[in-house]
Structure formats: C-alpha cells, structure tokens
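Let me begin by presenting the structure, written as structure tokens, before commenting on it.
Every number in this text was worked out from the coordinates using simple rules, so none of it is lab data. Computed from a predicted structure; not experimentally measured. Here the Cβ positions follow ideal geometry from the backbone for every residue, glycine too, while neighbour counts run over all protein chains shown.
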C-alpha cells in the first residue's frame, strides 16, 4: 500500500507498551477535538473525540487529554499492538462554523514486536 | 452498511490533462466533503456541501478545480488542466450532521492522483 507520509514525526514503541501522541491546536474557538487513525492506503478512521468542556475522555484502550490553557491535545494508547501501527492525526472543529475539521500534521506510530 | 465509496482508486495522467473523481457518501449523510492530502501532511479541506449546496469552497482553486453534487447525493471533483503540484490523495468524506455535531467524518479510501 502507499505511504501516507515519508517525513512525519515517528514514535517507535515496543509491543505492549503505552504510546502517547501529542498535538497542538491553534483555534481557541474550536469546541470539538478528534483523533483519527490512518493506515497505509486508507482514509482516516475516527478513534475518539472530546468536547472542549472536558479535559479527559476514555475509550477502549485509548484516552484523550485536552489542555485548553496551552492548546494541547494528547492521545494515549494502552498496551500498544501491531495493529496500532499507523499515522495518527488530531483535528479541531469549530462547530459554530459548520463541521469543518482542521487537521494537524500527523504522527507515525511504529510498533516493534 | 456501505461506507463512503470513491473511484478511481488510482489515476496517473500527464500534466494539462483533465481528471475527475467520484464519490458516493454514506446513505442519509447530508454533508459531503472533499479533502486533499499531500504526502506527509494532514488532509486539507477543498469544499464542503450541505445537500447540493456548496457552503464552503474557500479553499478550492477555482481556476482549475470544480465540483458538483447534483441531487445532493453523489459528488464529482474535477481538475482541468492538471498540474504537477496536484499530485496528492483526494479524500471524500461524509457526515450526518451539518454543524453542531461532533465532527466525526466518515472517509473513503481516497483517490491517488499522480501527474507526470
């Protein structure tokens, strides 16, 4: 399959360890934040989202943390598995302006067996 | 339930040639998006439709790009003439809610364009 990015920041993690991916956003008016996973040759796939009135949300093996003070978002993946190898994008949404997602630059996660 | 369907998956053309991409969104989704994704970067919005109306086309290079969504379902994105810098993956996405939603977009697998 095609590579979605050759010059992305890369996080190498041992299988079974936890992964933390960070993202900075820019729009203070954004009220929803979303993490997407993109595997090679595929479109982005929704992982988890968080509203701006929350600072933490948990899903299955994933946790998103939001720090509005410094405009920072992070995605934590617990017990990283080989299937987690992909490029991860954060996106911000100012819903008052319609569902217009603005994506960040992406981080590649490589899981080592 | 079928996801967002795009075609073609791959297209190689010479510069100055035209090209068109087609998208069929998830049934019932009123909002349709076209994004462009350059290698190593996140997707960038080109145009957003609410039903058949283009509500945000501010990022669409209108000198060579055009899009339509007749009947508010399928959509086509056209480039004429293509330039070398248009090489990218063109992603179509749809969502059920027009604003006020979570922002969860459902993406197709994309159409990869290579301009020689």
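Between residue A:60 and residue B:80, the FRET efficiency estimated from the beta carbon spacing at R0 = 41 angstrom works out to 0.35. Taken residue by residue and averaged, Cβ atoms of other chains lying within 10 Å of the Cβ of A:82-94 number 2. Of the residues B:15, A:42, the one with the fewest other Cβ atoms within 10 Å heads the list, and the complete ranking is B:15, A:42. Taking 17 Å as the cut-off, the amide N atoms of the stretch A:70-111 that come nearer than this to a point 7 Å along the Cα-to-beta-carbon line of residue A:51 belong to A:93-99.
Percent antiparallel among DSSP beta bridges with both residues in chain A, to the nearest 5?
Numbers: 34 of 39 bridges.
For chain A, the DSSP antiparallel bridge percentage is about 85.
The antiparallel fraction among DSSP beta bridges confined to the protein assembly as shown stands at about 90%.
Extension gain residue B:63-residue B:44, at 0.36 nm per residue separation less the Cα-Cα distance, in nm?
Values: separation 19, 0.36 × 19 = 6.84 nm, distance 1.79 nm.
Gain on extension, residue B:63 to residue B:44, equals 5.0 nm.
Specify the inter-centroid distance of the stretch B:28-77 and the stretch A:47-109, based on alpha-carbon positions, in whole Å. Between the Cα centre of the stretch B:28-77 and that of the stretch A:47-109, the gap is 24 Å. When A:72, B:29 are sorted by how many other C-beta atoms sit within 10 angstrom of their C-beta, beginning with the fewest, the order is A:72, B:29.
Taking a ≥ b ≥ c as the square roots of the Cα gyration tensor eigenvalues, with a/c under 1.5 meaning rounded and otherwise prolate when a/b beats b/c, else oblate, which class fits the stretch A:33-113? Show your work: numbers first, answer last.
On the way: a/c = 2.20, a/b = 1.43, b/c = 1.53.
Oblate shape, in that a/c is at least 1.5 and b/c is the bigger or equal ratio.
Considering only alpha-carbon pairs that sit under 8 angstrom and 6 or more positions apart, the relative contact order computed for chain A is 36 percent.
Sorted by mean Cβ packing within 10 Å, highest first, what order do the peptides B:83-92, B:50-59, B:70-79 take?
Put in order of decreasing packing, that is B:83-92, B:70-79, B:50-59.
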